Amino acid sequence: MDPITSKRIELLHPKIRDEVKSLIEECNKALTSHSQVRIVQGFRTFEEQNKLYAQGRTTAGLKVTKAKGGQSYHNYGLAIDFCLLIDDKEISWDITKDWDSDGIEDWKEVVGIFVARGYTWGKAFNDLPHLEKDL
């Protein structure tokens, strides 16, 4: 597991930290080759959430969330956004790539492992990097 992902796990809600760590290790083992899971966003403060909410509304940029501060699972450390880290150097958002050539898109492998353990995938407006857990 890469150090950035490990650091972001430590900011998640205590009730899911160990589980997320274990799931990412399981994902990385299943991927077997060039790719591994990188958490790009975990816990987010209300202030950070409100800034994202303002984007595309009152500040420049595209809309990236429908949730104000307090309305996102990220605000409680119960959600992650992920991408794939390729060969420890390149970030991939390609949901169709099968880096380990096992016939299953790597993105789907990751999502499948998390969903099997009770996580919800992409809940908000088809948010493909997003996984969240109800407690």
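The values are calculated or read from the model by the stated rules, or taken from the named source; none is laboratory data. Computed from a predicted structure; not experimentally measured. In this analysis, Cβ positions are derived from the backbone assuming ideal geometry, glycine residues included, and neighbour counts consider all displayed protein chains. Ligands, DNA and RNA are excluded from the accessible area calculation, which covers all protein heavy atoms including side chains. Shrake-Rupley method; radii C 1.70, N 1.55, O 1.52, S 1.80 Å.
For this structure, a couple of remarks:
- Yes/no for GLU47 being farther than 19 Å from PRO129 by Cα, open to solvent by 60 Å² or more (accessible area, probe 1.4 Å), in contact (Cβ under 8 Å) with a residue 12 or more places away in the chain and not aliphatic (A, V, I, L, M): yes
- Filtered by the rule that a residue be at negative phi and either among the charged types (D, E, K, R) or free of Cβ contacts under 8 Å to residues at least 40 places away in the same chain (or both), segment 84-105 gives LYS89, GLU90, TRP93, ASP94, ILE95, THR96, LYS97, ASP98, ASP100, ASP102, ILE104, GLU105.
- Residue list for segment 77-99, restricted to those being crowded, with 16+ Cβ neighbours inside 10 Å and either within 25 Å of LEU11 (Cβ to Cβ) or acidic (Asp, Glu) (or both): GLY77, LEU78, ALA79, ILE80, ASP81, PHE82, CYS83, LEU84, LEU85, ILE86, SER92, ASP98
- Every pair of residues 6+ apart whose Cβ atoms lie under 9 Å, when the first sits in segment 17-35 and is surrounded by 14 or more Cβ atoms within 10 Å (Cβ to Cβ) while the second is part of a helix (DSSP H, G or I) and of a type in the set (D, E, K, R): CYS27/ASP106; CYS27/GLU109; ALA30/ASP106; ALA30/GLU109; LEU31/ASP106; LEU31/GLU109; HIS34/ASP106; SER35/ASP106
- ALA54, sole failed condition from (1) in contact with a strand residue (DSSP E or B) (Cβ under 8 Å, 6 or more places away or on another chain); (2) open to solvent by less than 40 Å² (accessible area, probe 1.4 Å); (3) not acidic (Asp, Glu): (1)
- ILE39 of a type outside the set (Phe, Trp, Tyr), within 17 Å of MET1 (Cβ to Cβ), open to solvent by less than 70 Å² (accessible area, probe 1.4 Å) and in contact with a Ser or Thr (Cβ under 6 Å, 6 or more places away or on another chain): yes
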